[in-house]
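> Take a look at the following structure, please.
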Amino acid sequence: MSPTGLTHKVFINKSPQQDSGDLPNGERRLFPPLASTLIYGAEEAVLVDPGLTTDQAHALGDWVAGMNRRLTDIFITHGHGDHWFNTDLLAQRFGARVVAGEGTIGQMHANVAARPFVWDKVYPGIPESPVTAVTVPGNRFTLEGNELVIVEAGYTDTDASTVLHVPDLGLVVAGDVIYNGAHLYLSETSLAGLDAWRQAIDRVESLGARHIVAGHQNADRDDDAARTIAETREYLDVAEELFRTQKTAVDYFNEMVDRYPDRLGRTVLWATAQAVYGIRDNPGQDPVQYIAGGWL
Ligand SMILES: [Zn+2]
């Protein structure tokens with residue numbers, strides 16, 4: 001507990017059920033677990049990134065209810081549906097406002113538009129996902145008088161990503177700007193270049209937090225900011241090197257599995273490989289078909 005009375009807890013939800021083919025090594029596809037964060041004081045609470053499916057909303061909602069705080073706000077870090085498509089169920093259950101950065105709200109609409117082509121083909125059990133998020137003045141809101149700051153991170157695993165900085169806790173809730181023991185999703189990033197993501201990591205580092213909650217993480221790992229930042233940087237460097245040296249998507253996939261045998265989320269690794277090599281091998285084609293196709 002901080003001197004001002006805030007604390008935080010993380011709920012790691014089960015991977016969503018998935019209806020798509022196997023990975024190149026014959027494993028079943030499995031999405032990495034999603035971390036939702038509850039920041040709370042004596043009476044009120046703010047929830048970050050509730051998740052994708054109705055089942056996840058029920059499990060998370062029961063956990064939140066058990067914390068016996070009034071949920072005032074639900075914050076969404078970025079537009080990817082796995083972080084927020086089930087938000088409306090929780091907003092209604094608890095009577096909470098939904099908050100996001102302006103750019104993120106635009107990306108939320110884009111992800112809703114992509115649902116029939118990607119999300120609903122792969123994941124059964126996604127509820128209605130109206131975009132009800134609002135911006136807040138100066139990208140700041142409060143929890144029992146403590147400031148919560150939305151920090152624009154730019155292009156990371158998607159465009160218009162943000163993190164939530166809680167200065168009183170020395171905490172950054174990082175969404176997908178920082179990963180922790182899970183494969184990074186690089187399909188969209190390959191269009192913008194990896195340097196944009198590196199700059200976003202620099203921005204997070206400059207906040208000086210001790211704890212980072214990564215949206216995708218291995219529950220066995222700690223939340224040390226220096227380690228998770230260093231490992232996310234290293235992963236980008238290794239990916240960039242292997243994009244140069246590996247000839248095919250399967251070669252890249254296999255080499256990454258060798259280098260990072262403990263990282264979760266090989267479904268994300270394979271989606272990345274198919275997108276990056278599909279775009280590279282088919283110049284002049286619409287890259288979106290390879291980004292979407294990597295999931296199917
Ligand atoms: Zn993401």
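> Listed residues V149, V131, V177; which is at pLDDT 95 or above, more than 16 Å from the ligand (Cβ to nearest atom) and not in a strand (DSSP E or B)?
V131
> Tell me which residues, restricted to segment 211-223, are in a strand (DSSP E or B) and either in contact with a helix residue (DSSP H, G or I) (Cβ under 7 Å, 6 or more places away or on another chain) or over 22 Å from H78 (Cα atoms) (or both).
If the condition is that a residue be in a strand (DSSP E or B) and either in contact with a helix residue (DSSP H, G or I) (Cβ under 7 Å, 6 or more places away or on another chain) or over 22 Å from H78 (Cα atoms) (or both), then H211, I212, A214 are the ones that fit.
> Next question. For G106, are the conditions met, namely being within 16 Å of the ligand (Cβ to nearest atom) and not in a helix (DSSP H, G or I)? Walk me through it before giving the result.
Working: within 16 Å of the ligand (Cβ to nearest atom): yes; not in a helix (DSSP H, G or I): no.
No: the conditions fail for G106.
> A further question on this structure: Are any residues in segment 168-179 of a type outside the set (D, E) and more than 12 Å from H211 (Cβ to Cβ), and if so, which ones?
So in segment 168-179, the residues of a type outside the set (D, E) come out as 169-175, 177-179.
G175, V177, Y179 - these are the residues of segment 168-179 that are of a type outside the set (D, E) and more than 12 Å from H211 (Cβ to Cβ).
> May I pose another question? Considering only segment 78-90, I want to know if a residue exists there that is within 16 Å of the ligand (Cβ to nearest atom), more than 17 Å from A153 (Cβ to Cβ) and not in a helix (DSSP H, G or I).
Yes, segment 78-90 has at least one match.
> Only one of (1) more than 30 Å from T37 (Cα to Cα); (2) surrounded by 15 or more Cβ atoms within 10 Å (Cβ to Cβ); (3) of a type in the set (D, E); (4) out of contact with any Leu (no Cβ under 8 Å at 6 or more places or on another chain) fails for E255. Which number is that?
For E255, the failing item is (4).
> Let me ask something else about it. Give the residue, chosen from S187, S161, that is buried (at least 20 other Cβ atoms within 10 Å of the Cβ), touching a strand residue (DSSP E or B) at 6+ places or on another chain (Cβ under 8 Å) and closer than 30 Å to N282 by Cβ.
One residue alone meets the criteria, S161.
> Okay, next question. Would segment 182-199 turn up any residue that is away from the ligand (no atom under 16 Å from the Cβ), part of a loop (DSSP other than H, G, I, E, B) and over 22 Å from H109 (Cα atoms)?
yes
> Of the residues in segment 217-252, how many are surrounded by fewer than 18 Cβ atoms within 10 Å (Cβ to Cβ), hydroxyl-bearing (S, T, Y) and either under 18 Å from A271 (Cβ atoms) or in contact (Cβ under 8 Å) with a residue 40 or more places away in the chain (or both)?
The total comes to 1.
> Find the strands (runs of 3 or more DSSP E) located wholly in segment 1-51 whose residues include 1 or more that are charged (D, E, K, R) and either closer than 11 Å to L143 by Cβ or touching a Pro at 6+ places or on another chain (Cβ under 9 Å) (or both), and list them. Outline the logic, then answer.
Working: elements: 7-13, 34-40, 44-48.
Per the criteria, 44-48.
> Test of understanding: among A114, A59, A160, which residue is over 30 Å from E205 (Cβ atoms), at pLDDT 95 or above and within 14 Å of the ligand (Cβ to nearest atom)?
Residue meeting the stated conditions: A114.
> If you check G154 against the conditions, is it touching a helix residue (DSSP H, G or I) at 6+ places or on another chain (Cβ under 6 Å) and within 16 Å of the ligand (Cβ to nearest atom)?
yes
> Shifting gears a bit: Among the listed residues A225, A209, A219, A249, which satisfies the condition of being in contact with a Gly (Cβ under 9 Å, 6 or more places away or on another chain) and at pLDDT below 95?
A219
> State which residue pairs qualify: first residue under 19 Å from L148 (Cβ atoms) and among the hydroxyl-bearing types (S, T, Y) and inside segment 161-190, second residue modelled with pLDDT of 95 or more and not in a strand (DSSP E or B) in any location, beta carbons under 6 Å apart, and separation of 6 or more residues or different chains.
Hits for this filter: S161/H78; S161/V177; T162/T77; T162/G101; T162/T104.
The values are calculated or read from the model by the stated rules, or taken from the named source; none is laboratory data. Values in this document were obtained by computation on a predicted structure and should not be read as measured data. Here Cβ is always computed from backbone atoms with ideal geometry, including for glycine, and neighbour counts include all displayed protein chains.
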